[in-house]
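To keep things clear, I will list the structure first and then write my remarks on it.
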Amino acid sequence: MTILFTPDEVRNAVELLASRSLIRLVTEIDDNGAIPPRRLAGTLPDLSSHQLRRATEGARAHGLVWVVPGAGLELTKSGSELADLYDAAARWARRHAYPAPVCEFSSRIRHVLDLLAPSLATEPADGPSRTSAATLPSAEAEADLARLRARLIQWLTGNPQVTWESEPEPVV
């Protein structure tokens, strides 16, 4: 069973997940472990304090990271699964030289998410689909992308809070 999302849900999810600062935060913790209190700016010096604040607030609000007393900022199970998804997307992009043979890690992930976004929505997105024979030169690339799409759908289905524009209103 394939679960598709509304265009707004897809837009919200891609906007959050493709954020360079969120990608950097999640992959840094995944690669090197918890970030101790007050070490975030020193650990990710290429991000401004505003970018760090937005990334950590967004990651906490969406259940991707949490603060462990004495250890610092750590990934939740969902955050760890997202890091694995990021790695898979980057591997696909490198293997198929997408969007270019040489590209920054976070940019590769953003481009792959943008490529997958139209196929996740229940209604077609405005404009032509980015998935075309010119974009994906081989059947192998298309098959690999289909597997990545299935992983993304599974992750989004298990983490519906990522598709919300803001925190949902409490039910009274």
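Throughout, read-outs are computed from the coordinates displayed, never taken from laboratory work. Quick caveat, the model's predicted, so the values are computed rather than measured. Positions of Cβ are generated from backbone atoms using ideal geometry, with glycine treated the same way; all protein chains shown enter the neighbour counts.
So the values come out like this:
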read-out: Helix 49-61 vs. the chain, principal-axis angle (Cα, 0 to 90°, nearest 10); value: 80 degrees
read-out: Within the chain, helix-based [θ] at 222 nm, where runs of 4 or more DSSP H residues each add -39,500 (n - 2.57), nearest 500; value: -17000 deg cm²/dmol
read-out: On Cα atoms only, tilt of 139-158 relative to the major axis of the chain in degrees; value: 40 degrees
read-out: Degrees separating the helix 20-32 axis from the principal Cα axis of the chain, which is the longest one; value: 70 degrees
read-out: Cα lying deepest toward the dipole's positive end in the chain, options PRO36, ALA150, THR56, charges on Cβ; value: PRO36
read-out: Charge dipole (debye, nearest 20) of the chain; +1 at Cβ of Lys and Arg, -1 at Cβ of Asp and Glu; value: 460 debye
read-out: Square roots of 5 times each gyration tensor eigenvalue, C-alpha, the chain, largest first, Å; value: 28, 20, 13
